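Below is one structure, written out as structure tokens; comments come after it.
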């Protein structure tokens, strides 16, 4: 029963973390490391899971199965948010470079060409 209880506890903790708002950029790395650690622990517990199960273990297993369906959805939402932030950052870099090099192609001799003639 200890494996099923540990699996339920880890899964519940992981789901609780994923339901919170995505942390700010300065607190993001510890959050991601904690999620990865919980996923690894959960994976090892799933591999150690073996029948026969008692009625209490079956009930906990049902709760774990329900929570397990929500975890990939929450992880995909975080991944989507990270991709959006990444693309926004890349766009900002391109915009900054465009402003920085706005006059890079201008003639140095000061000549002006009138396009009307």
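Return yes when residue 34 is surrounded by fewer than 10 Cβ atoms within 10 Å (Cβ to Cβ), in contact (Cβ under 8 Å) with a residue 12 or more places away in the chain and under 29 Å from residue 89 (Cα atoms) and no when it is not.
Values: surrounded by fewer than 10 Cβ atoms within 10 Å (Cβ to Cβ): no; in contact (Cβ under 8 Å) with a residue 12 or more places away in the chain: yes; under 29 Å from residue 89 (Cα atoms): yes.
In short, no.
Does residue 18 fit the bill of being closer than 17 Å to residue 74 by Cβ and surrounded by 10 or more Cβ atoms within 10 Å (Cβ to Cβ)? So that I can check it myself, show each step before the final result.
Numbers: closer than 17 Å to residue 74 by Cβ: yes; surrounded by 10 or more Cβ atoms within 10 Å (Cβ to Cβ): yes.
Answer is yes for this residue.
I need a count of the residues in the stretch 62-78 that are surrounded by 11 or more Cβ atoms within 10 Å (Cβ to Cβ) and either farther than 17 Å from residue 7 by Cβ or modelled with pLDDT under 90 (or both).
Number satisfying all stated conditions: 4.
Take residue 29 and tell me if it is within 16 Å of the chain's Cα centre (by Cα) and either more than 23 Å from residue 12 (Cβ to Cβ) or modelled with pLDDT of 95 or more (or both).
Considered against the rule, which asks whether it is within 16 Å of the chain's Cα centre (by Cα) and either more than 23 Å from residue 12 (Cβ to Cβ) or modelled with pLDDT of 95 or more (or both), residue 29 comes out as yes.
Taking the residues in the stretch 39-61 that are over 11 Å from residue 7 (Cβ atoms) and surrounded by 10 or more Cβ atoms within 10 Å (Cβ to Cβ) as candidates, determine which candidate is farthest from the chain's Cα centre (by Cα). Spell out how you get there, then give the answer.
From the stretch 39-61, those over 11 Å from residue 7 (Cβ atoms) are 39-40, 50-56, 58-59; that's our starting set.
Checking which are surrounded by 10 or more Cβ atoms within 10 Å (Cβ to Cβ) leaves us with 39-40, 53-54, 56, 58-59.
On the way: 39: 13, 40: 16, 53: 34, 54: 36, 56: 33, 58: 31, 59: 30 Å.
Selected residue: 54.
Cβ contacts < 9 Å: first residue in contact (Cβ under 8 Å) with a residue 24 or more places away in the chain, restricted to the stretch 53-79; second residue surrounded by fewer than 10 Cβ atoms within 10 Å (Cβ to Cβ) and part of a helix (DSSP H, G or I), any location; separation 6+ or different chain. Result?
Partner pairs satisfying both residue conditions: 70/19; 74/19.
Could you tell me which numbered condition residue 53 fails, if it satisfies all but one of (1) in a helix (DSSP H, G or I); (2) over 29 Å from residue 23 (Cα atoms); (3) at pLDDT below 90?
Failing condition for residue 53: (1).
The values are calculated or read from the model by the stated rules, or taken from the named source; none is laboratory data. None of these values were measured; they are calculated from a predicted model. Methodologically, a virtual Cβ is constructed for each residue, glycine included, from the backbone with ideal geometry; neighbour enumeration extends over all protein chains shown.
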